[in-house]
1. Which loop GluC sites (Glu not before Pro) in region 94-175, with loop taken from DSSP, have no more than 16 other Cβ atoms within 10 angstrom of their Cβ?
2. How do TRP72, TRP122 rank when sorted from fewest to most other Cβ atoms within 10 Å of their own Cβ?
3. Tell me the volume per residue, in Å³, of the convex hull enclosing the alpha carbons of region 287-358.
4. If R₀ is 56 angstrom, what is the calculated FRET efficiency for the pair ALA239 and ASP109, using the beta carbon separation as r and rounding to 0.05?
5. Within a 10 angstrom radius of the beta carbon, how do ARG87, ARG193 rank from fewest other beta carbons to most?
6. For every helix of n ≥ 4 consecutive DSSP H residues, a contribution of -39,500 (n - 2.57) applies; sum these over the chain, divide by its total residues, and give [θ] at 222 nm rounded to the nearest 500 deg cm²/dmol.
7. Springs between alpha-carbon pairs under 10 angstrom, Gaussian network model over the chain: which of ARG83, ARG409, ARG330 fluctuates most?
8. Taking the Cβ-Cβ separation of ARG343 and ARG98 as r and a Förster radius of 51 Å, what is the calculated FRET efficiency to the nearest 0.05?
Amino acid sequence: MTLPSRWASQFAVLAGLLGAALALGWWFGGAGWWVSGALALYVGNTLRHVHALDRVLDGHKRFLLFETRGLWAEIFARVDKLRAKARNRKKKYHRLLREVRESTGALSDGGIILNSNHEILWFNPAATRLLGLDPATDIGHRLDNLLRHPDFVAYLSAPKGDGITVPSPKDESGWLTVQIIPYGKEQRLAIVRDITHETKLERTRRDFVANASHELRSPLTVISGYIDVLAEDPDMPAAWATPVAEMERQAERMTRILRDLIELTRLESAETAAGHDFVDVAAMLKPIATEFQGRGGPAVAIEIETDAALLGKESELHSIFYNLVNNAARFTPATGSVRIVWRADGAGAVFEVIDTGIGIPEEQIPRVTERFYRVDPGRSRAVGGTGLGLAIVKHALQRHDGKLTIRSREGEGSTFSCHFPKERVAFRSAAGQAVL
């Protein structure tokens, strides 16, 4: 194996020193002393270079050496090259860090870096403005010791979803959303956003809808009354029959929309969860199924697989069940079927409506619970839908600590499932099963 030239030259120097020492020892005698001196000279020179290398690696500037070539000259040249690369890399990282700090400093949203123990490692100026954090005193403290709202403390221990809304600690009328995003190794990023303006706009919108709905209800009742009288008048000209019937139908549709708007506004404005009244679900579902079985639409079947009851508000639970069954029946052809299922599972109880209707395109499923959103606007108006039923279901479920899941395939049907937690379920039998 051939040695690199720099090592070959170093061995040549050592061999030359030893050769000269042996020659002098042969000429003057005491060869061992001459060889020992040569080795001591070589080792001393090597130690001198090692000391210089050590100082260079510690950050000291390299002092001049008498070598201009050879192994040590090349080593120091390589060290200088590595140090130059390290300096450039350090400058690059410092520049990048400065840019990151400047960009995060310009953000209106607060950003807080936490470790696995929820201790603050860093935060941007917006976090100081929104939460009142102080870089001099709050670094290293747990975030839940500084933002003590119970909902946030619970969310921080098990973050999920799109975050949580909490009152602002600096503004009594303000509101913040906080979202925890895990990243890296046992680190988390808390994003804090001020939603005070959006919250006030939403409250204004709800108040406007509620007030407008109440104000419109009285004149609409008067108009509907006159239309009913006109429709029942035996002397009404035959040419008026169709227009009056259409006015009657539209007045009824407006009445349903106002009724649903008032109910939805009430659910949205409720700040507490629903009560815990005992509600017999089986007794509530049977009349609903009977009503739709007598309408001449799709075949409606009911399957009660548990004797579980719910603890909640009866009128809101009836609204959930009725709206889902009504929605399925309206969008399922007469040749199709609708199944109503009430069953228990390990997490609580589930109410399901399974239909063989027109289905929902996958990309539209997340939006169907928005107010006035219609998958097929033309068909929805034709069958008399208000576009508010599923929005009412979502908000009523939230007041009962439940959640709605939707599975659907366009042209094949849909399954709407309402999941109620154990805290909202009461069994009348120990087994909790009573198949009817």
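1. Sites meeting the loop and neighbour criteria: GLU172.
2. Exposure proxy ranking, most exposed first: TRP122, TRP72.
3. So the per-residue Cα hull volume is 91 Å³.
4. 0.30
5. Working: ARG87 10, ARG193 18.
Starting with the residue having the fewest Cβ neighbours, the order is ARG87, ARG193.
6. Result for the chain: -17000 deg cm²/dmol, rounded to the nearest 500.
7. Maximum fluctuation in the GNM of the chain, among the listed residues, is at ARG83.
8. 0.30
Any read-out appearing in this document is the output of simple, stated calculations on the displayed coordinates, not a laboratory observation. In this text the structure is predicted, and so the values were computed from the model without any measurement. A quick note on method: Cβ atoms are made from the backbone with ideal geometry, for glycine too, and the neighbour counts reach across all protein chains shown.
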